Amino acid sequence: FDEAQGHDEL
Amino acid sequence: NIFRLLGDLSHLASIFILLHKIQTSRSCRGISFKTQVLYVVVFCTRYLDLLTFQLHSFYNTIMKIFFIGSSVYILYLMRIRFRPTNDPSIDTFRIEYLLGPCAVLSLIFNYGYNWIEIPWSFSIFLESVAILPQLFMLQRTGEAEAITTHYIAALGAYRALYIPNWIYRYLTETNGVDAIAVVAGIVQTGLYVDFGYIYFTKVLQGQKFELPA
């Protein structure tokens, strides 16, 4: 999982 | 990603169904206050990133604010506005047994030791079990109003739809898999299986939701 993407899911 | 969108819409629908049930029947009978408290905790700990103003999208931000706001409003309805209709004597699940292990798990499994990632991880674990007080209450009473079962079914549909969403994302994106969310999400969906079976075989056939003796 690429943390740089952040948590974009709700 | 259609699965994710449908999942989010189904989550939204579940909240509107719950609000509709409380407002029209002017009663929160059959709804677990503890589950609703857990959802407030879940949303407040998960959406701490709102405070950083590093926002993903307009949609994402609005939904986060809506989920926090509506869950707090539901607590208000249950605890203040329609308080007499809330019967704590059947809502007896011990939420300490959920909060403790989730706190421990979030300290072990997370994507970074900081004030965003640990609460985020905690919220993922907690959400996966937050429905348990509600299901436990259903088990105790043995039956439920149709509208309450629609609410739980919409929540279950939201979780179930996130699974094809992850498969789709795995196939189309290169960011890798959010293992914590996926594992917790599968566990959470699993908790709805029993309920879902009765819902499909009874409520959708027009029968009353009753658990087999």
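Return yes or no: is residue B:61 within 13 Å of chain A (Cβ to nearest Cβ) and either of a type outside the set (Val, Ile, Thr) or surrounded by 15 or more Cβ atoms within 10 Å (Cβ to Cβ) (or both)? Yes.
Going by the conditions given, is residue B:27 surrounded by 14 or more Cβ atoms within 10 Å (Cβ to Cβ) and either at pLDDT below 95 or among the small types (Gly, Ala, Ser) (or both)? Here the answer is yes, as residue B:27 does meet what is asked. Would you check if there is a residue in segment B:109-121 being assigned to a helix (DSSP H, G or I) and surrounded by fewer than 15 Cβ atoms within 10 Å (Cβ to Cβ)? No - not one qualifying residue is present in segment B:109-121.
Please count how many residues of segment B:186-198 are in contact with a Phe, Trp or Tyr (Cβ under 7 Å, 6 or more places away or on another chain) and within 12 Å of residue B:157 (Cβ to Cβ).
0
Looking only at residues of segment B:69-89 that are within 14 Å of residue B:35 (Cα to Cα) and β-branched (Val, Ile, Thr), we find that the one that is surrounded by the most Cβ atoms within 10 Å (Cβ to Cβ) is B:74.
All of B:170, B:162 fail the test of being over 21 Å from residue B:16 (Cβ atoms), part of a helix (DSSP H, G or I) and either basic (Lys, Arg) or out of contact with any Leu (no Cβ under 9 Å at 6 or more places or on another chain) (or both), apart from B:170.
The values are calculated or read from the model by the stated rules, or taken from the named source; none is laboratory data. Predicted model only: the values in this text are computed from it and were never measured. Ideal geometry is used to build each Cβ from the backbone, glycine not excepted, and the neighbour counts take in all protein chains shown.
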